[in-house]
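Undergrad: Pasting a structure below so you can have a look.
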């Protein structure tokens, strides 16, 4: 597995936390914790939307937070907190998400299908 990007969550601009983010060609990984290690991964084709926020303090330190919305059942929303060059990282993630969707020939209907299935199953359309 080839890692395309990796960084740690930063405190005061320095990578001294126990949360590590990494991106491979098909998955995004979050590993957190010191005594109890917790790992989570998101398959890239499930990512629906990306956003970036930077407070004034984050801009001064050169970090930002990337907001990820996905169709993953276990992690529909998560933040990639306090990483360096957040706009560049968001673009790297976006490019790989689009690449995965093209490789899997994902259509909009397939992506939205699992979210709206419960609504569609009800008798809402009479």
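We did not get these values from a lab; they are worked out from the coordinates using the rules stated. The structure displayed is predicted, hence computed values, not measured ones. Positions of Cβ are backbone-derived with ideal geometry, glycine not excepted, and every protein chain shown enters the neighbour counts.
Undergrad: Rg and Dmax of region 3-117 over Cα atoms: what are they, in angstrom?
TA: 14.6, 44
Undergrad: Right, another one. Listing 45, 87 from the residue with the fewest other Cβ atoms within 10 Å to the one with the most, what is the order?
TA: On the way: 45 22, 87 11.
Ascending Cβ contact count within 10 Å gives the list 87, 45.
Undergrad: Below 8 Å between Cα atoms, with a sequence gap of 6+, how large is the relative contact order for region 3-117 in percent?
TA: On the way: 199 pairs, mean separation 24.6, N = 115.
Value for region 3-117: 21 percent.
Undergrad: Now, a different point. Just to be sure I understand the model, the point goes 7 Å from the Cα along the line to the Cβ. What's the resulting residue 69 to residue 95 distance in nm?
TA: 2.5
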